[in-house]
1. Keeping to region 30-48, report how many residues are touching a Lys or Arg at 6+ places or on another chain (Cβ under 8 Å) and loosely packed, with under 11 Cβ neighbours inside 10 Å.
2. Within the set of pairs 6 or more residues apart or between chains, which connect a residue that is at pLDDT 95 or above inside region 202-222 to a residue that is β-branched (Val, Ile, Thr) with Cβ atoms less than 6 Å apart?
3. Quick check on region 113-120. Is at least one of its residues over 19 Å from Leu12 (Cβ atoms), among the acidic types (Asp, Glu) and surrounded by 15 or more Cβ atoms within 10 Å (Cβ to Cβ)?
4. Can you give me the number of residues within region 1-29 that are of a type in the set (A, V, I, L, M), under 26 Å from Cys90 (Cβ atoms) and without any contact (Cβ under 8 Å) to a residue 60 or more places away in the chain?
5. Given the criteria among the aliphatic types (A, V, I, L, M), under 20 Å from Gly133 (Cα atoms) and either surrounded by 11 or more Cβ atoms within 10 Å (Cβ to Cβ) or in contact with a Leu (Cβ under 9 Å, 6 or more places away or on another chain) (or both), does Ile26 qualify?
6. Out of all the residues in region 39-68, which are outside any helix (DSSP H, G or I), within 15 Å of the chain's Cα centre (by Cα) and either over 19 Å from Leu127 (Cβ atoms) or among the acidic types (Asp, Glu) (or both)?
Amino acid sequence: MITPPTSQKELLARCELLTGKTLGQIAAQLTLTVPIDLQRHKGWVGSLLEKALGADAGNLAEPDFVALGIEMKTLPLNANGLPKESTYVCTVAMHQTGEVSWQDSWVRRKLAHVLWVPVEADNAIPLAERYIGQAWLWQPTPYQESCLQRDWEELMDRIILGEQDEITGLEGEYLQLRPKAAHSRIVAKGISDTGTMHKINPKGFYLRTQFTRQLLQNRESN
């Protein structure tokens with residue numbers, strides 16, 4: 001087991017060692033088997049990189065690198081080098097009653113300091129042969145945070161009002177709310193518009209690709 005990094009410098013140095021390697025090479029170093037595809041192994045790439053970099057949060061409600069307060073997010077890139085899909089942030093409690101503020105929210109905590117790790121995700125490339133790009137650390141600018149806060153507050157208002165079933169992935173400029181379950185039979189407790197508890201498909205917060213594309217472009221221009 002790889003010990004957690006003790007500084008940002010050490011974390012970035014570990015990332016440098018992974019840059020330009022394939023997922024297969026990293027898996028071999030950790031004596032792990034590469035699945036044929038990600039259909040039944042959705043979080044495999046993230047889990048592999050967490051192990052390789054020494055992330056220590058596990059299932060705790062903490063950022064991936066606990067002592068550093070840094071969350072790791074993989075950024076799958078398509079054949080054109082652009083974000084392929086929206087980025088999962090965290091699940092949302094569908095029975096919120098309005099006590100949580102943006103400043104105390106799990107979304108804000110997750111996005112306060114992020115290690116972005118680009119990964120090839122072109123389906124034409126076998127999983128084991130996909131390369132890791134150069135990682136970088138990011139913290140939201142005041143403007144970015146204000147945009148994320150606005151989206152979060154608007155979406156949470158809908159949840160508090162019991163309008164979870166009506167929320168679509170089209171809402172939110174940078175932050176969206178989408179179903180977070182393997183299939184529609186999975187349900188969680190939510191509050192209806194009449195204030196009563198009922199079953200609803202669990203949802204999660206995701207960053208839109210237009211937002212992560214901006215982050216990627218800003219990184220490349222620095």
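The values are calculated or read from the model by the stated rules, or taken from the named source; none is laboratory data. Fair warning: this is a prediction, and the values are worked out from it, not measured in the lab. Cβ placement follows ideal geometry from the backbone for every residue including glycine, while neighbour counts extend to all protein chains displayed.
1. Here the count works out to 0.
2. Leu207/Thr87; Thr212/Thr87
3. Let us first name the residues in region 113-120 that are over 19 Å from Leu12 (Cβ atoms), namely 120.
Filter once more, so that each one left must be among the acidic types (Asp, Glu): 120.
Okay, now just the ones that are also surrounded by 15 or more Cβ atoms within 10 Å (Cβ to Cβ), so 120.
Yes - at least one qualifying residue is present in region 113-120.
4. Within region 1-29, residues that are of a type in the set (A, V, I, L, M), under 26 Å from Cys90 (Cβ atoms) and without any contact (Cβ under 8 Å) to a residue 60 or more places away in the chain number 2.
5. Numbers: among the aliphatic types (A, V, I, L, M): yes; under 20 Å from Gly133 (Cα atoms): yes; either surrounded by 11 or more Cβ atoms within 10 Å (Cβ to Cβ) or in contact with a Leu (Cβ under 9 Å, 6 or more places away or on another chain) (or both): yes.
Here the answer is yes, as Ile26 does meet what is asked.
6. First, pick out the residues of region 39-68 that are outside any helix (DSSP H, G or I): 39-43, 54-68.
Now restrict to residues that are within 15 Å of the chain's Cα centre (by Cα): 42-43, 55, 57-59, 61-65.
The answer is Ala55, Ala57, Gly58, Asn59, Ala61, Glu62, Pro63, Asp64, Phe65.
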